[in-house]
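Right, one structure below, let's go through it.
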Amino acid sequence: MPQFTFYFAPGACSLASHIALEEAGVVFEPKPVALRKGEQMKPEYLALNPKGKVPLLLVDGKPLTENLAIISYLAKLYPAAGLLPANDALAEAEALSLLSYCTAGLHPVMSRFFGPQRFCDLPDATPNVVKLASEANAKNFAIVDKMLAGKDFILGAYSAVDGYLLVFWRWAQFHKLDLTAFPNYAALVERVLQRPAVQRVLAREQEAQAAIA
């Protein structure tokens, strides 16, 4: 097996890949990145990932970025972990579609809460940016909630998609969004949080956050 080094930021979207690594039972060296201290923009990090963000997985020293790519790679390398459906091309495509939706649909909307001034720098624009983000996020969460109706997990059985969905629920809780309209999503999060791999990851991220602080 390759040697892995994983760069992540506690609480960031890198949680999705972090969970996938732990679910697959991968031995890796964890490397926390302090985003608020700007470590992602230091020359030594940019030399590995010019995008200046997390996650970053070094595979025998070769950088691999983006949750979708990292999760897809791990799913191929460790098929027994069940990160994505195997031996069913349509089911795999559906999973990739959902991962893409997490990356290109849910994530960009929620990013507006963390830095509304980056989306509009006009005076007094922040409240309107947040209002529009709240409306768009509610629509996204309603879509996810409907997909989860009658299911324990979004693809039926646990997959890396469920771990990715945990990211956005935690972000919504951080920003104190009203989540009462999404009971199926809430139930999914409770199931995901009970998984031993997820608990190990959250403990590692909490420890890393304490060290950074």
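The values are calculated or read from the model by the stated rules, or taken from the named source; none is laboratory data. Because the structure is predicted, anything quoted here is derived from the model rather than measured. Because the Cβ atoms are built from the backbone with ideal geometry, glycine has one as well, and the counts that use them run over all protein chains shown. Protein only, heavy atoms only, side chains kept; ligands, DNA and RNA dropped before computing areas. Shrake-Rupley method; radii C 1.70, N 1.55, O 1.52, S 1.80 Å.
Which entries in the list Lys31/Lys139; Lys37/Lys176; Lys51/Lys139; Lys31/Lys146 go over 31 Å, if you measure between the two C-alpha atoms of each? If you can, show how the numbers build up before the last one.
Details: Lys31/Lys139 35 Å; Lys37/Lys176 24 Å; Lys51/Lys139 29 Å; Lys31/Lys146 36 Å.
Flagged as over cut-off: Lys31/Lys139; Lys31/Lys146.
Out of the total accessible area of the chain (probe 1.4 Å, heavy atoms of protein only), what percent is carbon and sulfur? Intermediate results must be reported in sequence, preceding the final value.
On the way: 6180 of 10860 Å².
Carbon and sulfur: 57 percent of the exposed surface of the chain.
Here are several values of Kirkwood radius over Cα pairs in Å: [x] 17.9; [y] 17.2; [z] 19.3. Which one was derived from the coordinates shown?
[x]
Can you give me the distance in nm between label points at Arg200 and Ala213, each placed 7 Å from the Cα along the Cα-to-Cβ direction?
Roughly 2.5 nm, to one decimal.
Counting pairs of alpha carbon atoms under 8 Å apart in space and at least six apart in sequence, what relative contact order in percent does the chain give?
Working: 253 pairs, mean separation 51.5, N = 213.
Averaging sequence separation for qualifying contacts and normalising by length gives 24 percent for the chain.
Give me the aspartates and glutamates in straight-line cross-link reach of Lys151: C-alpha distance below 12 Å, same-chain residues under 8 apart excluded.
Output for Lys151: Asp162.
Can you return the aspartates and glutamates within cross-link range of Lys76? Criterion is Cα-Cα under 14 Å, with same-chain partners fewer than 8 residues away left out.
Correct list for Lys76: Glu23, Asp88, Glu92.
Determine the per residue accessible area of the chain with all protein chains present and a 1.4 angstrom probe, expressed in square angstrom.
Numbers: 10860 Å² over 213 residues.
I get 51 Å² per residue for the chain.
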